[in-house]
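K.L.:
Next up is a structure, given as structure tokens.
The values are calculated or read from the model by the stated rules, or taken from the named source; none is laboratory data. Model, not experiment: these values are computed from the prediction. Neighbour counts run over all protein chains shown; Cβ positions are idealised from the backbone, glycine included. Heavy atoms of the whole protein, side chains included, go into the accessibility calculation; ligands, DNA and RNA do not. Shrake-Rupley method; radii C 1.70, N 1.55, O 1.52, S 1.80 Å.
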Amino acid sequence: MHLKVLVVVPAFNESQNIESVVKSLIHAGYDYVVVNDGSSDNTAEICQEAGFNLLNLKENLGIGGAVQAGHKYALANGYDIDIQFDGDGQHDVKSIEKLIQEIYNGADLAIGSRFLEQSDGFKSTFMRRIGIKWLSGAIRLVSGLHITDPTSGFRATGHKALELFCNDYPADYPEPESIVAAAKKKLTISEVQVTMHERQGGTSSIKAISSIYYMVKVTLAIILVGLGREKKA
């Protein structure tokens, strides 16, 4: 069965990277949409001048809002799978096929992990790796899932997860929280080893100074989602 695949590229102030990222997707033959999340730089203008497929949000919604907009675009346009692919040059287009194959094999949500196997790819800083292990433990505590890279924004979403995330998706730092939400709905979640690179330019939206706030906020969100009651229809 042929499944339609869309690559969703959320982008906030990615003027240094967005053109090369999108061209790598075009070269590989993927359908894509850039979701410009109210950038204050010329990310939108670069995309428009290059003729890229662009969903231009009028204001900054944050990564969760931008990704959910991409999910809604994918579902509305008849795609069966979408791939979240960051606009900063960190994700490797060659790893997309692994994520797609995982959905073909029955997963509803396939997460690209840097830590399943030994690899030469970029692993992030030591302190962030400690934070990732902490969040992995929190997810395991409330869901029983062992996810090695819960903050990974390189992931494939199948049709069931698309419908779930179009209806409700975390706003601020959505990746760990959405894993638990999908698990509570009994969706199948798996990981595959992928290659990631260092950011090719610009700065991350998650600053080192906010790491303690990030950890507290996300840990509480994971616990609340994991232990909270199901919403009534």
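K.L.:
Name the residue from P150, S20, V216 whose Cα lies farthest towards the positive end of the charge dipole of the chain, charges +1 on Cβ of Lys and Arg and -1 on Cβ of Asp and Glu.
P.N.:
Sorting the options by dipole projection puts first V216.
K.L.:
How many angstrom lie between the C-alpha centres of region 65-86 and region 1-52?
P.N.:
13 Å
K.L.:
Straight-line reach from K133: which aspartates and glutamates have Cα under 17 Å away, leaving out those fewer than 8 places along the same chain?
P.N.:
Result set, ordered by chain and number: E117, D149, E175, E177, E191.
K.L.:
Step through the residues of region 56-73 one at a time and calculate ³J(HN,Hα) from phi using the Karplus curve (6.51 cos²θ - 1.76 cosθ + 1.60, θ = phi - 60°), rounding each to whole Hz and writing x for Gly and Pro.
P.N.:
My calculation for region 56-73 gives 9, 6, 6, 9, 6, 9, x, 4, x, x, 5, 5, 4, 4, x, 4, 5, 4 Hz in order.
K.L.:
Oh, and also: For I130 and K185 in one chain, what is 0.36 nm times their gap in residues minus the Cα-Cα distance, to one decimal in nm?
P.N.:
Result: 17.0 nm gained on full extension.
K.L.:
Another question about this same structure. Once you've got the Cα coordinates, tell me which of K23/K185; K58/K94; K72/K94; K58/K184; K94/K185 are over 28 Å apart.
P.N.:
Those over the limit are K23/K185; K58/K94; K58/K184; K94/K185.
K.L.:
Read phi for every residue in region 13-23 and hand back ³J(HN,Hα) as whole Hz from Karplus 6.51 cos²θ - 1.76 cosθ + 1.60, θ = phi - 60°, with x for Gly and Pro.
P.N.:
6, 10, 4, 6, 10, 5, 5, 5, 4, 5, 4
K.L.:
Then there is this: Counting only protein heavy atoms and a 1.4 Å probe, tell me what percentage of the chain's accessible area is made up of carbon and sulfur.
P.N.:
Carbon and sulfur atoms account for 53 percent of the accessible area of the chain.
K.L.:
Which residues in region 59-81 have a backbone N closer than 19 Å to a point placed 7 Å from the Cα of N105 along the Cα-to-Cβ line?
P.N.:
Flagged as within label range: 81.
K.L.:
With a 1.4 Å probe and all protein chains in place, put H159, H91 in order of accessible area, largest first.
P.N.:
Descending order: H159, H91.
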